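These notes are about the structure you will find just below.
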Amino acid sequence: MTLLAAERLSRAFGGVAALSDVSFAVAAGEVVALIGPNGAGKSTCFNLLSGQLRPSAGRIRLDGRDITGLGPAAICRRGVGRSFQITATFASMTVRENVQLALLAHHRQIWRFWRPAAAAFRAEAQALLAELGMEAEADRAAAVLAYGDLKRLELAVALAGAPRLLLMDEPTAGMAPGERGALMALIRRLAGERGLGVLFTEHDMDAVFGTADRILVLARGTLIAAGRPAEIRADAEVRRVYLGVDA
Amino acid sequence: MHGFLFLQLLTGLASAAQLFLLAAGLTVIFGVTRVVNFAHGSLYMLGAYLGYSLITRAPPTPVGFALGALATAGLVAALGAGLEIALLRRLYRAPDLFQLLATFAVALMAEDLTQRLWGAEDLALPRPGFLAGALRIGAARFPLYDLVLIGLGPAVYLALLALFRTTRWGVLVRAATADRDMLACLGVDQRWLFTAVFALGAGLAGLGGALGLPDTTATLQMGFSSVTDAFVVVVVGGLGSLSGAALASLLIGLLQAFGIALVPRSTLVLVFVVMAATLVLRPHGLLGSASAEAAGAGAPALVRPATPALRALALVTLAAAVALPFLAGPFLLSVATEALIALLFAASLHLMMGPGGMASFGHAAWFGLGAYGAALAALALRAPLPLALVMGLLLAGAVAALFGLVVVRLAGVYLAMLTLAFAQIVWAGAMQFEEISGGDNGLLGVWPPRWLGGPVGFYFLALALCAGGALVLRRALHAPFGYALRGARDAPQRAAAIGLDVTRLRWAAFTLAGAAAGLAGALFAYAKGSVFPTYLGLGRSVDALLMVLLGGVGTMSGPFVGALVYTGLYDALLLATDAWRLVLGAAIIALVLLFPDGLAGAAARRMRA
Ligand SMILES: Nc1ncnc2c1ncn2[C@@H]1O[C@H](COP(=O)(O)OP(=O)(O)O)[C@@H](O)[C@H]1O
Ligand SMILES: [Mg+2]
């Protein structure tokens with residue numbers, strides 16, 4: 001069942017095309033990797049899908065419904081969670097409060113002016129952090145976390161919104177190989193258990209080929225290949241452009 | 001009719017040239033150092049005073065005049081360099097607000113020193129023959145000197161362009177404006193580049209001040225009034241953009257000339273509308289770029305709930321406040337009443353500036369609107385005190401809600417400047433529309449009713465409404481709304497990605513802050529028995545800023561500490577010395593250098609350590 005469909009997406013910055021005519025789909029429960037060299041347009045693609053940027057042309061559908069042009073908050077409310085390539089967390093809050101705020105937003109309880117927020121969804125937040133192995137960091141300031149922990153916190157914050165589609169821009173950057181494997185395994189499990197559709201970018205090829213059901217290859221803003229890991233590995237064009245191997 | 005249009009055109013061009021000379025230095029300094037120099041108007045004022053002293057001593061010839069103006073520019077440039085070396089160098093890494101505050105303090109001190117050196121009288125340059133000539137246009141006369149100005153504006157613009165385009169130094173300046181990190185990579189000694197740029201900007205201000213002398217008089221007020229004009233030009237043009245400043249000067253100069261002629265009292269409103277419209281359509285000004293944002297404020301501090309010790313301290317303070325009327329005399333009681341009002345005023349600014357991340361330089365607008373709203377309700381509608389207070393709060397809140405629609409889409413210095421401009425316009429409105437506001441004479445006779453029980457009764461009312469109001473705001477900040485607001489400040493993209501409506505949150509905070517400040521102003525009207533345009537003035541906006549920064553923006557207790565300490569200090573200073581501007585300015589600079597995270601922030605750090 002198609003969850004996300006990108007149809008002929010394009011985006012230009014001041015006349016320079018960062019993404020042109022890109023189409024693909026992600027099904028519920030499917031884990032899809034978007035790879036490509038630096039500057040290929042991966043982050044731009046994510047920013048279009050999550051509403052951070054507007055496409056210059058093309059359509060985005062979620063569950064068949066057109067969400068093109070909606071803002072990031074509206075897209076989030078339709079079940080799309082994301083992490084950023086450059087981590088973005090709430091620096092004036094503790095790790096747990098970061099997740100609590102996301103839970104409050106998800107449950108539409110932001111416009112409350114009296115009851116202290118410290119007690120709201122505390123247990124749920126703790127449980128989410130435990131799932132990511134971060135329960136010990138709950139009371140630390142988000143601003144002092146190591147990079148790998150920040151990435152994990154971002155994932156916890158994204159998951160707090162109970163998304164159906166998860167977009168992760170380089171989720172394991174800055175992590176040790178062991179941590180990386182554990183995180184990718186967790187994502188696989190969530191996809192299986194909750195029917196979560198996942199689109200992620202990643203530079204570590206072991207993580208990509210070991211985790212993804214399908215791989216999309218982007219180069220200079222255009223999709224040059226799409227298919228199962230084995231197909232991508234064998235694709236001559238991909239080997240030349242990206243894997244750096246002369247075919 | 002054609003003659004009239006032509007005359008207005010020339011008038012507009014002359015004031016555009018004057019505006020450009022004023023603003024060019026500010027934008028050049030900002031472009032390179034990212035410092036919004038509040039003392040720029042003071043440099044301009046010094047240019048006028050120094051220019052007066054030099055030009056009146058020079059032979060009364062065009063050459064004497066020109067040499068006097070150039071020497072003034074040189075002297076003010078040297079002063080600017082000294083200011084940069086002595087003060088601003090220490091502040092480049094500080095939050096941009098601190099640079100604004102420190103330069104504001106310099107402006108305060110400059111006003112005091114100028115008065116000491118030149119006296120309080122306005123100084124008008126005697127007009128020798130070569131300055132008195134005029135062109136006949138129909139029935140009107142247009143000063144020949146203004147024709148010279150019309151030529152000088154573009155000449156200075158072209159000279160600056162040539163300086164930036166053709167010299168190696170100019171290339172470095174442009175590189176620094178576009179990308180500061182790149183400059184560091186080029187191995188350029190930033191410090192002397194900054195000093196030189198500061199000197200250039202100051203010299204331009206000095207030149208502008210001296211060249212303005214034939215048309216205006218040198219006054220002590222011109223420091224603050226001209227800096228507002230300069231900010232408007234620079235913000236409309238785009239911070240850091242020289243051509244933007246030229247374009248904006250032209251736009252505003254012409255608009256003022258034709259506006260004044262067509263609708264006599266419309267000019268200020270027109271200028272504001274132009275500024276607001278420009279910023280809505282182009283949030284970085286006409287020719288500004290996104291990269292020219294002011295320096296970031298650094299990572300926000302972690303906010304923790306009140307510790308038991310802090311709660312105990314708060315309770316003790318509250319008990320002391322309740323007991324005060326039984327112990328203190330009338331003078332202390334009135335000081336305490338004002339301190340309470342200051343507390344609510346500071347807490348309202350803290351809400352939008354700290355957790356909301358929107359620093360305002362015009363918070364007095366809401367305070368003053370509240371005061372006028374209450375006074376007009378009491379005097380014109382004969383509303384009883386409770387109703388008048390509500391009217392004050394509603395007027396401020398409603399105007400803040402409307403203005404907020406525009407302003408919360410901006411950020412950083414642009415937002416601070418637009419709020420400043422708005423407050424100046426409300427102030428000018430209060431001065432101009434005498435039939436409603438009483439103009440300079442204000443509105444008198446706003447006294448609390450007898451049933452309130454005199455000063456003691458009013459003190460308790462202020463305690464209930466102000467301490468209560470500040471605690472309510474604090475409570476909201478610890479509620480989900482406050483977390484969401486902080487989230488939108490800490491990481492706007494992330495906030496939007498978890499479904500928060502960042503703009504609406506900021507708008508709500510802005511409106512809430514406006515309403516709370518309005519209540520404070522309404523109470524102040526009753527405390528003083530009168531309302532004056534100064535309630536809307538820049539000085540009062542800066543009071544609020546100082547209280548918040550003194551307490552610490554990043555802490556929730558900041559406004560409480562800041563308001564009490566500041567009111568105490570201020571009243572003590574007023575009693576102790578007539579050089580209060582000088583002392584206050586020095587105190588602000590000391591604060592900025594010694595307690596960058598405020599008193600409450602410093603205390604919190606000490607407790608944690
Ligand atoms: N906001 C922007 N303004 C201008 N150009 C941009 C912007 N964002 C990305 N680009 C350009 O678009 C291209 C794709 O960038 P990006 O999507 O970040 O690639 P990736 O994530 O694959 O490394 C790059 O050439 C980049 O310079
Ligand atoms: Mg990227």
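The values are calculated or read from the model by the stated rules, or taken from the named source; none is laboratory data. Just so we're clear, the structure is a prediction, and the values are computed from it rather than from any experiment. Every residue, glycine as well, gets a Cβ built from its backbone with ideal geometry; the counts of neighbours run over all protein chains shown. The area values use the complete protein model at the heavy-atom level, side chains included, leaving out ligands, DNA and RNA. Shrake-Rupley method; radii C 1.70, N 1.55, O 1.52, S 1.80 Å.
Structural remarks
- Taking 0.36 nm per residue of separation and subtracting the current Cα-Cα distance, fully stretching the chain between B:Leu593 and B:Val171 would add 148.7 nm.
- 0 to 90° range, to nearest 10: angle between helix B:144-166 axis and chain B longest Cα axis: 80
- Note on region B:2-227: percent of Cα-Cα distances in each 10 Å bin, starting at 0 and stopping at the bin with the largest distance, equals 8, 32, 33, 19, 7, 1, 0.
- Per residue, the convex hull spanned by the Cα atoms of region B:443-513 amounts to 116 cubic angstrom.
- Here region B:340-404 is treated as a sphere whose radius is the Kirkwood value from Cα pairs; by Stokes-Einstein at 37 °C and 0.692 mPa s it diffuses with a coefficient of 266 µm²/s.
- Rounded FRET efficiency, nearest 0.05, which uses the C-beta distance separating B:Arg475 from B:Leu444 and R0 of 51 Å: 0.85
- Calculated FRET value between A:Trp114 and A:Ala28, using beta carbons and R₀ = 41 Å, to 0.05: 0.55
- Sorted on the mean count of surrounding Cβ atoms within 10 Å across their residues, most packed first, peptides A:166-174, B:198-206 read B:198-206, A:166-174.
- Spin-label zone in region B:557-581 - amide nitrogen under 18 Å from a point set 7 Å from the Cα of B:Gln115 along the C-beta vector: B:570-581
- Backbone HN-Hα couplings from phi across region B:341-358 [Karplus 6.51/-1.76/1.60, Hz, Gly and Pro as x]: 5, 4, 4, 5, 4, 5, 4, 5, 5, 4, 4, 7, 8, x, x, x, x, 10
- Pairs of Cα atoms nearer than 8 Å and 6+ residues apart set the relative contact order; for region A:91-162 it is 52 percent.
- Max mean-square fluctuation residue, GNM over chain A, Cα-Cα springs under 10 Å, options A:Ala182, A:Ala125, A:Ala102: A:Ala182
- For the peptide A:74-82, the mean number of other protein chain Cβ atoms found within 10 angstrom of a residue's Cβ is 3.
- Selection of trypsin sites (Lys or Arg not before Pro), region B:44-114, meeting DSSP coil and at most 15 other Cβ within 10 Å: B:Arg93
- In range of the label at B:Leu332: residues from region B:453-469 whose backbone nitrogen is under 14 Å from the point 7 Å along Cα→Cβ: none
- Estimated buried accessible area (total), pair B and A, 1.4 Å, Å² to nearest 100: 2900
- Inter-probe distance in nm under a simple model that places probes 7 Å from Cα toward Cβ, at A:Arg122 and B:Asp179: 4.9
- Cβ-Cβ FRET estimate between B:Leu135 and B:Gln493, R0 fixed at 60 Å, reported to 0.05: 0.55
- Each label point was placed 7 Å from the Cα along the Cα-to-Cβ direction; for B:Leu402 and A:Ala162 their separation is 4.3 nm.
- Region A:11-18 - phi-based ³J(HN,Hα) in whole Hz, Karplus 6.51/-1.76/1.60, Gly and Pro as x: 8, 10, 10, x, x, 9, 6, 9
- Per residue, the Cα convex hull of region A:91-162 amounts to 77 Å³.
- The spacing between region B:50-116 and region B:384-451, judged by their C-alpha centroids, is 33 Å.
- The Cα atoms of region B:543-601 cover 34, 21, 13 Å along the three principal axes, with the biggest extent listed first.
- Kirkwood radius and radius of gyration were both taken over the C-alpha atoms of the protein assembly as shown, and their ratio Rg/Rh is 1.01.
- Semi-axis lengths, largest first, of the ellipsoid equivalent to region B:455-600 are 30, 21, 14 Å, with √(5λ) applied to each eigenvalue of the Cα gyration tensor.
- Here's how it looks for A:Ala12: its modeled amide H is under 5 Å from those of A:Ala18, A:Ser56, which are all 5 or more places away or on a different chain.
- Translational diffusion of region A:24-146, estimated by Stokes-Einstein from the Kirkwood radius over alpha carbon pairs at 37 °C in a medium of 0.692 mPa s, is 196 µm² per second.
- Here chain B is treated with +1 on each Lys and Arg Cβ and -1 on each Asp and Glu Cβ, and its dipole about the Cα centre works out to around 1180 debye.
- Cα convex hull of chain A, projected area averaged across orientations, nm²: 13.7
- Distance cut-off 20 Å, percentage of C-alpha pairs in region B:1-120 lying past it: 54
- Net length available on complete extension from B:Leu163 to B:Met431 is 92.2 nm, with 0.36 nm assigned per residue and the Cα-Cα distance removed.
- Averaged per residue, chain B has 39 square angstrom of accessible surface, using a 1.4 angstrom probe with ligands and nucleic acids left out.
- Across peptide A:112-119, the average count of Cβ atoms from other chains found within 10 Å of a residue's Cβ is 6.
- For region B:536-557, backbone nitrogen atoms closer than 13 Å to the point 7 Å from B:Leu569 Cα along Cα-to-C-beta are found at B:543-552.
- Quotient of C-alpha Rg and 2.2 N^0.38 Å, computed over chain B: 0.98
- Placing dummy labels 7 Å off each Cα toward the beta-carbon, the span from A:Arg65 to B:Asp189 is 6.4 nm.
- Average projection area in nm² (convex hull over Cα atoms of region B:308-608, one quarter of hull surface): 16.1
- Computed P(r) (all Cα pairs; region B:128-171; 10 Å bins; percent): 25, 30, 22, 16, 6, 0
- Across chain B, the relative contact order, built from alpha-carbon pairs under 8 Å that are at least six residues apart, equals 20 percent.
- Percent carbon-and-sulfur accessible area, region A:91-162, ignoring ligands, DNA and RNA, probe 1.4 Å: 55
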